[in-house]
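Chemist: For reference, the structure I am asking about is given below.
The values are calculated or read from the model by the stated rules, or taken from the named source; none is laboratory data. Not measured: the values here are computed from a predicted model. Glycine gets a Cβ as well: all are built from the backbone with ideal geometry, and neighbour counts include every protein chain shown.
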Amino acid sequence: MFEISKYKKSNVKISIRLPEDINETLRKIAKKEGMSFNNVIISCIQHSLEQIDLNKYTQVDIYTDDKVKSVI
């Protein structure tokens, strides 16, 4: 079951562009649940990642210099 959780260790800052309707829906959820917009986004992403098989992504290198391999 999907639940919105508080995340204390959100320390990576990024910018994303959202379609207006998704932005509005997420902001409504945040307001209704008394949560930050950031927590709602993170909860949605976490839930989505729990629903898919991440095994095929474990060896993907996200760094161009090959010094560090991504580990999921």
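Chemist: Six or more apart or on different chains, Cβ atoms under 8 Å: show the pairs whose first residue is in the stretch 1-26 and basic (Lys, Arg) and whose second is assigned to a loop (DSSP other than H, G, I, E, B).
Modeler: Hits for this filter: 6/35.
Chemist: Among the residues of the stretch 1-59, write down those that are acidic (Asp, Glu) and exposed (fewer than 10 other Cβ atoms within 10 Å of the Cβ).
Modeler: Residues satisfying the conditions are 3, 20, 21, 50, 53.
Chemist: Mind checking which residues of the stretch 1-17 are more than 14 Å from residue 43 (Cβ to Cβ) and among the hydrophobic types (A, V, I, L, M, F, W, C)?
Modeler: 12, 14, 16
Chemist: Looking at residue 27, is it within 14 Å of the chain's Cα centre (by Cα) and modelled with pLDDT of 95 or more?
Modeler: no
Chemist: So, in the stretch 15-58, exactly how many residues are in a helix (DSSP H, G or I) and either of a type in the set (Val, Ile, Thr) or in contact with a Leu (Cβ under 8 Å, 6 or more places away or on another chain) (or both)?
Modeler: 10
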